[in-house]
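Working notes for the structure below.
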Amino acid sequence: MKTIIIGGGKVVYFLAKVFISKGYEPVIIDQDKDECLWLSQQLKAVVLHGDGSRPSLLEEAGAREAVAVLAVTPRDQDNLVACQLAAKMFGVSRTLALVNDPENQEVFHRLGVSVAFSTTHIMATLIEQQAGLEEVVNLLPVAQGKVTVTELLLHQGLPSVGRTMQELDMPAGSLIGAVIRGEQVTVPRGPDRLQDGDRLLLISTPESYGPALRCLMGKEV
Amino acid sequence: MPKSLFIVVVGCGRLGSFLANGLSKQGHNVVVVDRREEAFAELSVEFSGFKVVGDAVESETLRKARTADADCLIAAAEEDNVNLMVAQVGKEVFGVKRVIARVAEPARELAYRQLNIETVSPTSLAGDRVLMSLAQTAGERPS
């Protein structure tokens, strides 16, 4: 399945790598010629040089067959226009845009972008986050996505609550790195018991992520 | 003279300053927005409107220009994408009734016209004009 990534820098490189590893065919559109050359040498991906908000270039990138367009340039206006053109002219159903001004997140939703994300906003929420609303509070890929670190919030009724580390049959390739209980952070050992309200740092490989979540939360969250 | 309108002009380059000067002279209330303060040097001495320094793709800048009260917003910045974004934000977020965007690239212009954004393309205007003029010359010449 084809995805189009518009932007430059390391973000695009790593995004493309993640997409390739998940079996997508990313096509990159980058304004920087030298970077295009570098990207095409590093990745098994089609790299086009130019302005991703030009209809002709989107078409050349295969926008008609693309399942998603991801616009991550540092310029909000370019990301918006690229997403809108992809959707309106080429029927791309899923468009994702990076917004630099956090206020534009709301604006982009109103103007038809499927997902608008603001790094500023994400960072701010991470800091503000007291107790998360959902069980998976955040997910952080490390080492090019070979390891993920997830923060989980436990509540009454989950299979892991009330059980000790020993009793939990955590799958290979996963580990509870820390338990955050109130102000206290502990690295759990065998006899330690999990409680309602605990926050866990789960470290896992992508393959064991699902099984580990099932083991702790009783389902894939 | 028709009733005076409140008009926000985004971009104070060649087109923006031309429009701002002209509209101000006609007696309209004009606010002109540009990222660079130096750009306002293009305004004539008779220009009696307001100037706002800021990046118009940030809603904050449009708020400073009192866009919500505007009868008309003209997006005349250098970059197409700035204009397309500002025009849509003006219309959808600030509720401006009449919004006009300058779009240089004809292919992009076409797409946005379908989105009900009123656009003006200097490229198409000049191009059409030249083609028309050439067609006339060709028509005049006996074949």
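Going by a ≥ b ≥ c, the root eigenvalues of the Cα gyration tensor, does the stretch A:29-130 fall in the rounded group (a/c under 1.5), the prolate group (a/b larger than b/c) or the oblate group?
Note, shape of the stretch A:29-130 comes out oblate.
Given springs between every Cα pair under 10 Å in a Gaussian network model of chain A, which of A:Gln166, A:Gln184, A:Gln105 has the largest fluctuation?
Per the Cα network of chain A with a 10 Å cutoff, A:Gln184 tops the list.
For the stretch B:1-47, how big is Rg over Rh, using alpha carbon atoms and the Kirkwood form of Rh?
That ratio is 0.96, to two decimals.
When N is the residue count of the stretch A:1-67, what does its C-alpha Rg come to as a fraction of 2.2 N^0.38 Å?
The stretch A:1-67 yields a ratio of 0.98.
Using θ = phi - 60° and the Karplus relation 6.51 cos²θ - 1.76 cosθ + 1.60, list the HN-Hα couplings for the stretch A:78-95 in order, rounded to whole Hz, with x at every Gly or Pro.
5, 5, 4, 5, 4, 5, 5, 5, 4, 6, 6, 8, 10, x, 5, 7, 10, 10
Do the alpha carbons of any pairs in A:Lys22/A:Lys88; A:Lys17/A:Lys44; A:Lys22/A:Lys44 sit beyond 19 Å of each other, and which pairs?
Beyond 19 Å between Cα atoms: A:Lys22/A:Lys88.
Of A:Asp30, B:Asp69, how do they rank once you tally other Cβ atoms within 10 Å and put the fewest first?
Listed from fewest to most nearby Cβ atoms, that is B:Asp69, A:Asp30.
Could you pull the Cα extents of chain A along its three principal axes, largest to smallest, in whole Å?
So the extents along the principal axes, rounded to whole Å, are 62, 36, 28.
Work out the FRET efficiency for A:Arg94 and A:Leu168 from their Cβ-Cβ distance, taking R0 = 25 Å, and round it to the nearest 0.05.
Efficiency at R0 = 25 Å is approximately 0.10.
Quick one: among B:Ala101, B:Ala126, B:Ala65, which has the greatest mean-square fluctuation in a GNM of chain B with alpha-carbon springs under 10 angstrom?
Greatest mean-square fluctuation among the candidates belongs to B:Ala126.
Just the number: Rg to Rh for the stretch B:49-96, Cα atoms, Kirkwood Rh, two decimals.
0.91
Give the value in nm², to one decimal: projected area of the alpha carbon convex hull of chain B, averaged over all directions.
10.6 nm²
Considering only B:Val93, B:Val57, B:Val32, give the residue with the highest GNM mean-square fluctuation for chain B, with springs between Cα atoms whenever their separation is below 10 Å.
Answer for the Gaussian network model of chain B: B:Val93.
Which distance in nm do the two modelled labels at B:Glu92 and A:Arg181 give, with both placed 7 Å along the Cα-to-Cβ direction?
Simple spin-label model gives 4.9 nm for this pair.
At most 14 other Cβ atoms within 10 Å plus a DSSP loop assignment makes a site exposed; report the longest stretch of chain A without any exposed GluC sites (Glu not before Pro).
A:66-133
How big is the equivalent ellipsoid of the stretch A:45-100 along its three axes, where each semi-axis is √(5λ) from the Cα gyration tensor, reported in whole Å from largest to smallest?
In descending order, the three semi-axes are 16, 13, 10 Å.
Here, each number is a calculation from the coordinates, and none is a lab measurement. Note that the structure is predicted; figures quoted are calculated from it, not measured. Note: ideal-geometry Cβ built from the backbone for every residue, glycine included; neighbour counts use all protein chains shown.
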